[in-house]
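Since the structure comes first, as structure tokens, the remarks are kept for the end.
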Amino acid sequence: MVLWLATSERASFSIQVFDGEHILLDRPLADHEITRLRIGARAWVNLLTIEPESALPTDTRLEYDLGLAGNTGQAPQWIRDWASHLCPDGRQRPGFTLKSKLDRILHGSCRRPHHPASDGLVRVDEELHKAEQLEDIPSLLLMTGDQIYADDVAGPMLHAIHCVIHQLGLYQESLEGASLSHSRELTSMSNAYYHRDALLPETESNEELTERFFGGVRKPVFTTANAGNHLISFSEVMAMYLLVWSPEPWTLVTAAEPVNNSEELTRYQKEQQAIDAFRESLPRAARALANVPVYMIFDDHDVTDDWNLSALWETTAYEHPFSRRIIGNALLGYMLCQGWGNQPENFGGVIEQCQQLLNAEKDQNELDKEIQDELIDRLFHFHCWHYSLPTSPRLVVLDTRTHRWRSEIRRRHPSGLMDWESLTDFQQEVMGEQSVVVVSPAPMFGVKLIEMIQRVFTFFGKPLLVDAENWMAHRGAANVLLNIFGHPRTPRHFVILSGDVHYSFAYDVRLRHKKNGPHIWQITSSGIKNEFPNSLLEWMDRLNRWLFAPWSPLNWFTKRRRMWISPRLPEGREAGERLWNHSGIGDVRLDDEGAPTAIRQLNAGGGGTIFQQRKDD
């Protein structure tokens, strides 16, 4: 049992677990069950790895309570005292259910706070509230990437971040390679909002670096990059996480409009409306996270757009001290606020190094530059971001960001999402399993038209313009992946859960000319709080349907020609349309053999769709 929370003072903890009126656990936590990291003068991050004396029962709703005490001997305060919004309606404590099987999985990606769409985590809260039968209780909530947008921050959110940094005294740091030398200058610099593109030195060698991190690059097929408020410092990243996970830090935020330009003020006020709506629904989102087991994995926006897209991107970004620090701070924030809780035992050594950086005595609340650089270097070489769970069926979560298959000859071309070694490890992980659930942040089987457009832009040397990241973009990675599906010992049932693309769809996938091949389902849910431009998506949906229908001869010119891919049709859309464009959460029901019995997309604002198998399949 793992709990993550942030506190404003150093606390000791007590735990209670209830099965109805029966108390299963009631004791203070031992020192070895608590890891505290001090991230500021008045801020601690705590990971509690609770080890019950006997195994907790499965398939029954348990309730838990966490007691906090600031001083030794002080009576603990319980959740209803310090975070009553986490308790379901009519209950005194939050709860959870340890399911013996993965029979219902909620999943989604892309939670952008200032998008005008509603928050899909509120729909998770609704589903938890109305789940009365065991089969209706979710086994897991999987957050499959882009839980924050470190590279696309609204002006009001950046203001809130700076309020939290100031009120909690989050640790500052010195900076190198930029036009400012310290993170404290980020709030005092002229044009502090929407103009972080001015921070990098203007030299020819840094042209591509400036474009990638702060340039607002136009992306004609998809969207426009908005990096003018890109998070930079460790304190900014940590404050962002506190603000997206909990309503409590918002009490530290003052009302302000810290811009003068009329155009920027209009933008700020429009973003303020979206941020106010996000803040209003945040207690319910936090309650959802506190009442179901949650697992996470990163994607690019948790760090920066197009993170590790190509070998040239990596060389450009990692060889400059300023961009290296930006990436490193975001990755450190991801580890402390997301990745650490997935499998804490994988992070022992690197957390010890974090303690050297964060828990040491500090002058003026400043991070030691040498230790910070060493820690960031270690994170860049850390190889345990991926993980698997011994559930039934087995859950395997892939790291498609830091094990890239780089193209050393065409260094501008997209890297494979996983290299040969990591794909081999993945194959060994699933080999011999009857069924498996795989989280791949980017869909393994995506929309062919969009992949074709990405291929065209890559051919002309412009992969950055269209986010040319898909499994088929790199010949080596694509071939190895498809060979895994064709191996005689690959799982009989292969459920792939993905996000990333800001729309939702479901495919049934089979091997051509192989009667006893695996049953594969590509299920994509995106975004939790993000949507694709609707008119553009409708046109792409139609063109893709006309050009790449299952019977189309064009399929024989794709790398997936060995696969038969049949799109499921979302109920409620026009005849033949395959893509669903509403913020919300994915909902997959599995039978005892690990095959989907229902694939749904639950809209954040209510309603949703069922992805129905085509009658001609």
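Out of Ile50, Ile79, one residue alone is without any contact (Cβ under 8 Å) to a residue 40 or more places away in the chain, among the hydrophobic types (A, V, I, L, M, F, W, C) and within 30 Å of Asp587 (Cα to Cα). It is Ile79. Criterion first (closer than 25 Å to Cys87 by Cα, surrounded by 17 or more Cβ atoms within 10 Å (Cβ to Cβ) and among the β-branched types (Val, Ile, Thr)) does Ile137 satisfy it? Spelling it out, Ile137 is indeed closer than 25 Å to Cys87 by Cα, surrounded by 17 or more Cβ atoms within 10 Å (Cβ to Cβ) and among the β-branched types (Val, Ile, Thr). Residues in segment 590-617 that are touching a residue at least 24 places away in the same chain (Cβ under 8 Å), open to solvent by less than 50 Å² (accessible area, probe 1.4 Å) and under 15 Å from Arg104 (Cβ atoms): Leu590, Gly594, Ala595, Pro596, Ile599, Gln601, Leu602, Gly608. For segment 355-414, the tally of residues that are more than 18 Å from the chain's Cα centre (by Cα), of a type in the set (Val, Ile, Thr) and within 30 Å of Pro441 (Cα to Cα) stands at 3. For beta carbons closer than 6 Å, sequence separation of 6+ or different chains, a first residue in segment 234-256 that is more than 13 Å from Asp302 (Cβ to Cβ) and a second that is among the basic types (Lys, Arg), the qualifying pairs are Trp250/Arg279. Screening Ile326 on (1) closer than 22 Å to Asp151 by Cα; (2) at pLDDT 90 or above; (3) open to solvent by 10 Å² or more (accessible area, probe 1.4 Å); (4) not aromatic (Phe, Trp, Tyr) shows it passes everything except condition (3). Within segment 44-60, the set of residues being of a type in the set (Asp, Glu) and farther than 15 Å from Glu33 by Cβ comprises just one member, Asp59. Taken over segment 491-517, the criterion of being touching a Pro at 6+ places or on another chain (Cβ under 8 Å), buried (at least 20 other Cβ atoms within 10 Å of the Cβ) and in a loop (DSSP other than H, G, I, E, B) is satisfied by Pro491, Gly499, Asp500, Val501.
A count restricted to segment 73-86 and to residues that are out of contact with any strand residue (DSSP E or B) (no Cβ under 8 Å at 6 or more places or on another chain), in a loop (DSSP other than H, G, I, E, B) and either within 30 Å of Glu280 (Cα to Cα) or open to solvent by less than 50 Å² (accessible area, probe 1.4 Å) (or both) stands at 1. Here Thr35, Thr58 are screened, and the one residue that is hydroxyl-bearing (Ser, Thr, Tyr) and free of Cβ contacts under 8 Å to residues at least 60 places away in the same chain is Thr58. Here is the figure for segment 29-43: residues that are buried (at least 18 other Cβ atoms within 10 Å of the Cβ) and among the aliphatic types (A, V, I, L, M) total 4.
Rundown of residues vs (1) at pLDDT 90 or above; (2) within 22 Å of Leu243 (Cα to Cα), yes/no style:
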{"residue": "Leu168", "(1), (2)": "yes, yes"}
{"residue": "Ala178", "(1), (2)": "no, no"}
{"residue": "Ser181", "(1), (2)": "yes, no"}
{"residue": "Ala192", "(1), (2)": "no, yes"}
{"residue": "Glu207", "(1), (2)": "no, no"}
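Test Trp313 against the criterion of being buried (at least 16 other Cβ atoms within 10 Å of the Cβ), under 21 Å from the mean Cα position of the chain (by Cα) and aromatic (Phe, Trp, Tyr), and give yes or no. In short, no.
Among the residues of segment 44-72, those that are open to solvent by less than 80 Å² (accessible area, probe 1.4 Å) and farther than 19 Å from Leu25 by Cβ comprise Trp44, Val45, Gly70.
Could you pull out every one of the strands (runs of 3 or more DSSP E) wholly within segment 87-182 that has 1 or more residues that are under 14 Å from Asn291 (Cβ atoms) and over 23 Å from the mean Cα position of the chain (by Cα)? Where strands (runs of 3 or more DSSP E) fall fully within segment 87-182 and carry at least 1 residues being under 14 Å from Asn291 (Cβ atoms) and over 23 Å from the mean Cα position of the chain (by Cα), they are 95-97.
In segment 353-368, the qualifying residues are those that are at pLDDT 85 or above and open to solvent by 70 Å² or more (accessible area, probe 1.4 Å), and the one that is nearest to Ile165 (Cα to Cα) is Asp368.
Each row is one residue, and each column tells you yes or no for (1) of a type in the set (S, T, N, Q); (2) modelled with pLDDT of 90 or more.
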| residue | (1), (2) |
| --- | --- |
| Gly216 | no, no |
| Ile232 | no, yes |
| Leu243 | no, yes |
| Asn261 | yes, yes |
| Ala285 | no, yes |
| Ala288 | no, yes |
| Phe298 | no, yes |
| Asp305 | no, no |
| Ser310 | yes, no |
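Here is the figure for segment 305-338: residues that are assigned to a helix (DSSP H, G or I) and either of a type outside the set (Gly, Ala, Ser) or under 18 Å from Glu469 (Cα atoms) (or both) total 21. Of all residues in segment 339-375, those satisfying the criterion of being polar (S, T, N, Q) and over 17 Å from Ala43 (Cα atoms) are Asn342, Gln343, Asn346, Gln353, Gln372. For segment 152-192, the candidate set comprises residues that are open to solvent by 10 Å² or more (accessible area, probe 1.4 Å) and touching a His at 6+ places or on another chain (Cβ under 8 Å); within that set, the residue that is nearest to Ala227 (Cα to Cα) is Asp152. From the list Ser407, Ser422, Ser388, Ser415, the lone residue that is open to solvent by less than 50 Å² (accessible area, probe 1.4 Å) and over 21 Å from Ala311 (Cβ atoms) is Ser388.
Residues in segment 451-465: is at least one under 23 Å from the mean Cα position of the chain (by Cα), modelled with pLDDT under 80, open to solvent by 10 Å² or more (accessible area, probe 1.4 Å) and over 17 Å from Gly416 (Cα atoms)? Within segment 451-465 (the criterion being under 23 Å from the mean Cα position of the chain (by Cα), modelled with pLDDT under 80, open to solvent by 10 Å² or more (accessible area, probe 1.4 Å) and over 17 Å from Gly416 (Cα atoms)), the answer is yes, since at least one residue qualifies.
The values are calculated or read from the model by the stated rules, or taken from the named source; none is laboratory data. All values reported here derive from a predicted model rather than from experimental measurement. Don't worry about glycine lacking a Cβ; one is built from the backbone with ideal geometry, like all the others, and counts go over all protein chains shown. Calculation scope for accessible area: heavy atoms of the full protein, side chains included, ligands and nucleic acids excluded. Shrake-Rupley method; radii C 1.70, N 1.55, O 1.52, S 1.80 Å.
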